[in-house]
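Right, one structure below, let's go through it.
The values are calculated or read from the model by the stated rules, or taken from the named source; none is laboratory data. Predicted model only: the values in this text are computed from it and were never measured. Because the Cβ atoms are built from the backbone with ideal geometry, glycine has one as well, and the counts that use them run over all protein chains shown.
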Amino acid sequence: MRSRIREFDSSTLNESVQNTIMRDLKAVGKKFMHVLYPRKSNTLLRDWDLWGPLILCVTLALMLQRGSVDSEKDGGPQFAEVFVIVWFGAVTITLNSKLLGGNISFFQSLCVLGYCILPLTVAMLICRLVLLAESGPVNFMVRLFVVTVMFAWSVIASTAFLADSQPPNRKALAVYPVFLFYFVISWMILTFTP
């Protein structure tokens, strides 16, 4: 009888919507902090969710969206293209990890790869602010430096979480696609012009 009462009290079904949203936002914030200060921890793997990666992917796709209504002529990525590249890339890396014998679940890997887009999203925000100034070689060098640092941060953060899930003799095979995934996203950010 007491175990049923404890089970009912710990259930989220009787929780208010505000409490549920605040609990989820705090969990997403804690995972953002794990990416900002990467250390070998299983918290991001154990308590996985896809809210943070969805928020980051949508934010990045919206910031990469061109300003014109008819943007067929500008050659830049559209919202759906960015969204598909991010999620298809994450799924491909996850399948590669599983095929190499990794002991991480599909959604844990998607969670880590999605949360580790945070530095690149910050890079996109900084690049958009830098692009408000006059364009020139200094402007490009600042953007190149920011994107390079954030690219390295994303790769380091994701490998800190994913490296232990791979067999020791196959870690390089698992990290290389992660490197390429974040490189493609970094390239889209660097080549963005409004």
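Taken over region 99-115, residues that are within 11 Å of the chain's Cα centre (by Cα) and either surrounded by fewer than 22 Cβ atoms within 10 Å (Cβ to Cβ) or modelled with pLDDT under 85 (or both) amount to 1.
Scanning for something surrounded by 13 or more Cβ atoms within 10 Å (Cβ to Cβ), closer than 20 Å to Gly29 by Cα and either among the β-branched types (Val, Ile, Thr) or touching a helix residue (DSSP H, G or I) at 6+ places or on another chain (Cβ under 9 Å) (or both), does region 164-173 turn up at least one residue? For region 164-173, residues surrounded by 13 or more Cβ atoms within 10 Å (Cβ to Cβ), closer than 20 Å to Gly29 by Cα and either among the β-branched types (Val, Ile, Thr) or touching a helix residue (DSSP H, G or I) at 6+ places or on another chain (Cβ under 9 Å) (or both): absent.
Answer yes or no: is there a residue in region 159-174 that is among the β-branched types (Val, Ile, Thr), in contact (Cβ under 8 Å) with a residue 40 or more places away in the chain and under 21 Å from Arg46 (Cβ atoms). Before you say what the answer is, go through the steps one by one.
Taking region 159-174 as the starting set, the residues that turn out to be among the β-branched types (Val, Ile, Thr) are 159.
Then drop every residue that is not in contact (Cβ under 8 Å) with a residue 40 or more places away in the chain, which leaves none.
No, the conditions are met nowhere in region 159-174.
Which ones in region 142-186 are more than 18 Å from the chain's Cα centre (by Cα) and among the polar types (S, T, N, Q)? Ser165, Gln166, Asn169, listed by residue number.
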